[in-house]
Every structure is written in C-alpha cells, then in structure tokens.
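A short reminder: the numbers here are calculations on the coordinates, not readings from a lab. What you are looking at is a predicted structure, and each value in this text was computed from that prediction instead of being measured. Neighbour counts are summed over all protein chains in view; Cβ atoms, including those assigned to glycine, are modelled from backbone coordinates with ideal geometry.
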Amino acid sequence: MTDLSTTIAGVKFPSCFMNAAGALCVTRDELVALGKSCAGAIVTKSMTIESRQGNPEPRYYGFPGGSINSMGLPNLGYKAYAELIPELKTFGKPVIASVAGLCEDGL
Ligand SMILES: Cc1cc2nc3c(=O)[nH]c(=O)nc-3n(C[C@H](O)[C@H](O)[C@H](O)COP(=O)(O)O)c2cc1C
C-alpha cells in the first residue's frame, strides 16, 4: 500500500488525509468512527465554551456540485470533547481540537 504518512511540525500523521473540521465529527460516535477509519487524524467539530444546539433546520443542503450550510456551530462544548480525548488517543493518531470563539474575548 502507498505510504501516505507525513510529519507536520514534528507531529507524525499516518496519512496526510483527514476530515475537515465540522464534517461528521460532532458526536462521540462520529469521532470514534474517524478513529477506526483510515483518516490520518481525528479533527473535532469546532468547539465553543458552552455546548450549542446550532441553528434550526433546515441548515444544510447538499447537491451534486457541493453543499451550502449555516449550521450555527452545533457542538458538545469543550469540556465534553476534552473528556473524550483519552479514548480518542487510543486510535494512535493525532487528535486535533478545533476551537471557535463567538467574540473577541473568546467567550
Ligand atoms: C456541515 C459542515 C460543518 C462545518 N463545520 C465547521 C466547523 O465547525 N469548523 C470549521 O472550521 N469549519 C467547518 N466547516 C467547514 C469545513 O471544515 C471545510 O472548511 C469546508 O467544508 C470547505 O472545505 P475546504 O476548506 O477543503 O475547501 C464545516 C463544513 C460543513 C459542510
């Protein structure tokens, strides 16, 4: 099999391909699925301090040429993701926490 591994800033990735922040990486089950996959890292949904439901549906529309969305940052809140990190690290690939702020102070 072709070696797709790479090293970025001293961090080794088993593959240079990984999910974009926000794409099927909100829940524990989605993050575990990424762990079990060939993805070179587990990138989390962008997390805020408090959990968020996000915008009311419809908020995502997919079509053959792409998609458009206004999800409203639905996420579990940073504490829930922090608690998942030990489990996610057992998959032996980097876990990348995407963080989001809602104002200049980050709160
Ligand atoms: C449903 C959905 C949710 C997304 N959520 C986030 C997010 O939480 N944080 C973020 O930085 N980008 C988010 N994105 C943007 C993607 O990470 C990615 O940047 C975008 O799909 C464009 O891909 P590209 O950067 O490869 O062009 C989201 C995209 C989609 C489709």
From the gyration tensor of the Cα coordinates in the chain, what semi-axes in whole Å does the equivalent ellipsoid have, largest first, with each one equal to sqrt(5λ)? 25, 18, 13
Taking every other residue with Cβ under 13 Å from the Cβ of M71 and scoring Lys and Arg +1, Asp and Glu -1, one gets +2
Those GluC sites (Glu not before Pro) in segment 78-107 that DSSP places in a loop and that have at most 14 other beta carbons within 10 Å: E104
How high is the relative contact order of the chain? Use alpha-carbon pairs under 8 Å, at least six apart in sequence, and give a whole percent. 28
Quickly estimate the mean residue ellipticity at 222 nm for the chain, helices only: each DSSP H run with n ≥ 4 gives -39500 (n - 2.57), and the total goes over all residues, rounded to 500. -6000 deg cm²/dmol
Roughly what % of DSSP beta bridges within the chain run antiparallel, to the nearest 5? 75
Dipole magnitude of the chain, debye to nearest 20 (Cβ charges: Lys/Arg +1, Asp/Glu -1, about Cα centre): 220
